[in-house]
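Before any comments, here is the structure.
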Amino acid sequence: MIQFDNVNKRYESGQDALGRVSLEIDRAEMVFLTGHSGAGKSTLLKLLTAIERPTRGNIIVGGQNLNRLRNSQIPYYRRNLGIVFQNHQLLFDRSVFDNVALPLSVSGCSRREVGRRVRAALDKVGLLHKEKQNPIVLSGGEQQRVGIARAVVNKPALLVADEPTGNLDPKLSEEIMGLFRQFNAVGTTVLIASHDLELIARMRQRVLTLQQGQLIYDGYPSREPAY
Ligand code: ADP
Ligand code: ADP
């Protein structure tokens, strides 16, 4: 599903954010990306979501080489991606329903189909009863669930999240992880950047660790014996 082949990213400042990173993620895998602040996690996600382009190397997602993607094709590419942000980036001038419907506004769905899909997505995150509310009145955990509903409303094959539990307490973080697990269980590939090592350890999934732009670990830490 995702292949990084010797990927380097050097920002215009001259900063090397990623150096020769190679990795593969299969369809329907759930993978955590971790590392200290500045390790390159956000950069890797920005390359994957075509917000940034690699300086060197190839990134292939669903058979498509992102280097060959023209700027005009990027919106179509992103339609198959669900992106969840730490600060959820909800719009407070419209309802929960309209926030979740945003990605569908460019898809040419009928109003009836939009309603069906938005309600199905809100139902999956347990917020169907809040569709008419303004997200500003929701709790932090609920706002993040709206962000997840918006990310999955297009039924993306790949769900990418950047510190999705960064502002949440441990109990709410577990709930949010439970949602990602649910989407993964029905075949969605999930990649989550997080520096919450305790949370990641409890999830017992594959972990990729970056350090100063290098991939220094790729494995299942919880399956190895404790010394
Ligand atoms: P993380 O998400 O792990 O905290 P980032 O990918 O944000 O790491 O950053 C990796 C490195 O790239 C850091 O040294 C950071 O300062 C640098 N960096 C990130 N974004 C930019 C940018 N737009 N321009 C220049 N340097 C950047
Ligand atoms: P459909 O008849 O289109 O399969 P569903 O009721 O199964 O409809 O799903 C409707 C909504 O639920 C989708 O628009 C999406 O928001 C969410 N959804 C369902 N399955 C998935 C999945 N595997 N990954 C992400 N989102 C999903």
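Some observations on this one:
- Spherically averaged projected area of segment 1-119 from its Cα convex hull (nm²): 9.3
- Using the Cβ-Cβ distance between R94 and K155 with R0 set to 25 Å, the FRET efficiency works out to roughly 0.65.
- Relative packing of peptides 188-200, 113-125 - highest average C-beta neighbours within 10 Å first: 188-200, 113-125
- Charged side chains reduced to their Cβ positions (Lys and Arg at +1, Asp and Glu at -1) give the chain a dipole of some 840 debye around its Cα centre.
- When the C-alpha to C-alpha distance is required to be over 31 Å, the pairs from K41/K130; K46/K124; K9/K124; K132/K171 that qualify are K41/K130; K9/K124.
- Here the scattering of the chain is modelled by Debye summation over its C-alpha atoms, one equal scatterer each and no solvent; at q = 0.07, 0.08, 0.12 Å⁻¹ the log10 of I(q)/I(0) is -0.22, -0.29, -0.66.
- With every protein chain in place, the chain: carbon and sulfur % of accessible area (1.4 Å): 47
- For segment 90-155, Kirkwood radius (reciprocal of mean inverse C-alpha pair distance, Å): 11.4
- Probe 1.4 Å, all protein chains present, accessible-area order of R70, R79, R150, largest first: R70, R79, R150
- Over the Cα atoms of segment 1-49, the radius of gyration divided by the Kirkwood radius equals 0.98; this is the Rg/Rh ratio.
- Across segment 103-110, coupling constants 3J(HN,Hα) worked out from phi with the 6.51/-1.76/1.60 Karplus curve, θ = phi - 60°, read x, 7, 5, 9, 9, x, 6, 5 Hz, and Gly and Pro carry x.
The values are calculated or read from the model by the stated rules, or taken from the named source; none is laboratory data. No experiment lies behind these values; they were computed from the predicted model shown. Note that we place each Cβ from the backbone using ideal geometry, even for glycine, and neighbour counts take in every protein chain shown. These accessible areas exclude ligands, DNA and RNA; they are computed on the full protein's heavy atoms, side chains included. Shrake-Rupley method; radii C 1.70, N 1.55, O 1.52, S 1.80 Å.
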